[in-house]
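None of the figures in this text is laboratory data; all of them are computed from the coordinates on show. These numbers come from a predicted model, not from an experiment. Here the Cβ positions follow ideal geometry from the backbone for every residue, glycine too, while neighbour counts run over all protein chains shown.
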Amino acid sequence: MLHIHKRILHDRRRFYQSLLHSQICHSTKDASAGIIIIGNEILKARVKDTNSHYACSLLYNCGVKVEKISVISDNMEEIQQEIRTFSEKYTHVITAGGIGPTHDDITFEGLAKAFNDSLHFHPKLVDIIKNQFGIQNSTSPNFKMAYVPTKASLIFGKEHTLMYPCVTLKNVYVFPGSPHFFEKAFGKLCKELFSTNRCFARDEIYINAREDAFADVLTVLTKEFPNVSFGSYPVIDNSYYKAFITIESDNAEETKKAKQKLCDLIGPDILVEYDNSPHIDSLTKYRNFLKKCERPFIYEGTLEKLTNIYHQPEKVAIYLDGSIETFIIVHLAHLARTLLRLNNKLWIIRLKSSELFRDMEGLPPDSIERYNINVSTLEGDLLRALNKLKLTEPQLETLLVGTEKTKFNEASSGRSSSNDITKQLHIIYPLDKWTKEDIRIFGRFLCLPLK
């Protein structure tokens, strides 16, 4: 009994030490991070690393600067050396990979060796594997995930939302390598563990010229604004600009001054008005657009129609056909839902079998997150897929289609039946009164890639 009591006190002490370390990190203004991606499958290009990109994005929003990303193999010496080196150089160290049940999952062992620690079967993790994972065989390889450094702490989150915790030792935080589990765990813990009082102020400008046209200007500005970071990026396949420049610091006023000076030195001839975030403050941008266009009634009428339709949003879906028209409808639906103050997801339907939709073609990058989209992926020919969807989603009544009527009819023809789904659904073509010029003008307003 005394042994158990001591064990509880020991675990509590470790928890509060970890919490104290976390609070110290929260107050660190210039917090830095290093990310270690572990796995032979990454180096052999069998699996694409998306974890570092996801982590960088969230850490940036927390005011943490990621200074290095390292991809290493499942090698014990390499793992322990990289962890030790990163721990000494950066405020936070995030590892991803190597904590599963197989022979090459050796991150915990590498972590222990990095800090001269031993390993033990953590009773809490053993309990999770037995009772949460349903593994009762004590010889199961799954218990390897409970074999962690003796001095490590477990972090489940403030709301205890994680089934399997983040294991942490000193300033190192160990996460799984599977993108699904990594994003789930890191997404829930990032703010709790790494938030700072630092905020990056970032802006960017777009230029219709090659980098050599403004290289000298950037050289001058880096000396005039030593606390501002400038980044120059050439772009090949873009009909609006040939390069863009990022301006960033941790002081909003300084970033603003640096941007203004940059624009003054470059001059208006090659500067491009380009909106990379049409979904932000979208109603104000839309109303400003209406003041400048020649046929505002076309756009106003379509938005009014969609606003009426979205009074019952659960009954409406958009058919993704890979066209510019599709994205225009998505944006107009976003405007309508903003007017109605709706928070539920925007429903989109796509056909998996079509080559057009291999990578959600027809929607610009990050559209799913930006517009809060829920995608239903269907298989087979269009009519059968819609019939099957109607069985599982009986509330669906209206389908918004961006393509022309003839094209949609061709895609849904040849499969007639007594239970024709096109007779059950209200098929609407919101842009049926738009001319090609109307589409081109609105496409340019949204900065869509035009053919």
Cα centroids of the stretch 122-153 and the stretch 426-451: how far apart, whole angstrom? 56
Aspartates and glutamates whose Cα lies under 16 Å from that of LYS256, excluding same-chain neighbours fewer than 8 positions away: ASP203, GLU204, GLU224, GLU248, ASP264
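What percent does the relative contact order of the chain come to when contacts are Cα pairs within less than 8 Å and at least six residues apart?
So the answer I get is 11 percent.
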Round to the nearest 10 and give me the degree value, 0 to 90, for the angle of helix 2-26's Cα axis relative to the longest principal axis of the chain. 50
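Could you sort the peptides 225-238, 188-201 by per-residue average Cβ neighbour count (10 Å cutoff), highest mean leading?
Values: 225-238: 12.7, 188-201: 17.1.
Taking the mean over residues of other Cβ atoms within 10 Å, the ranking is 188-201, 225-238.
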Out of residues 5 or more away from ILE427 or on other chains, whose amide H comes under 5 Å of its own, with H placed 1.01 Å from N in the peptide plane? LEU399
Output the 0 to 90 degree angle, nearest 10, between the alpha-carbon long axis of helix 179-194 and the longest principal axis computed from the alpha carbons of the chain. 70
HN-Hα couplings for the stretch 118-126 via Karplus (6.51, -1.76, 1.60; θ = phi - 60°), in whole Hz with x for Gly/Pro, come out as 9, 10, 8, 7, 5, x, 5, 5, 4
How long are the semi-axes of the equivalent ellipsoid of the chain, taking √(5λ) for every eigenvalue λ of the Cα gyration tensor, in whole Å from largest down? 46, 33, 19
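Using C-alpha positions alone, give me the convex hull volume of the stretch 76-131 per residue in cubic angstrom. All intermediate terms of the calculation are to be shown ahead of the outcome.
Details: hull volume 5.7 nm³, N = 56.
Cα-based convex hull of the stretch 76-131, divided per residue, equals 101 Å³.
Distance check, please: which entries in LYS113/LYS151; LYS65/LYS113; LYS124/LYS158 exceed 19 angstrom between their Cα atoms? Don't skip to the end; give the middle numbers.
Working: LYS113/LYS151 12 Å; LYS65/LYS113 27 Å; LYS124/LYS158 17 Å.
Violating the 19 Å Cα-Cα cut-off are LYS65/LYS113.
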Would you mind giving the three semi-axes, in whole Å and largest first, of the ellipsoid equivalent to the stretch 66-207 according to its Cα gyration tensor? 28, 19, 14
In deg cm²/dmol, rounded to the nearest 500, the helical mean residue ellipticity at 222 nm of the chain, built from -39500 (n - 2.57) for every DSSP H run of length 4 or more, is -12500 deg cm²/dmol
With axes computed from alpha carbons, what is the tilt in degrees of helix 76-89 against the longest principal axis of the chain, rounded to the nearest 10 within 0 to 90? 80
Lys and Arg at +1, Asp and Glu at -1: neighbours of ILE318 with Cβ under 11 Å from its Cβ sum to -1
Around SER376, which amide H atoms from residues at least 5 apart in sequence, or from another chain, sit under 5 Å from its own amide H, with H modelled in the peptide plane? ILE348, ILE349, ARG350
Other-chain or far-sequence residues with amide H under 5 Å of ALA209's (modelled H): LYS242, ALA243
Under Karplus coefficients 6.51, -1.76 and 1.60, residue-wise ³J(HN,Hα) of the stretch 389-394 in Hz, glycine/proline x: 4, 4, 5, 8, 10, x
So how do 116-127, 53-64 stack up, highest first, on mean other-Cβ count within 10 Å? 53-64, 116-127
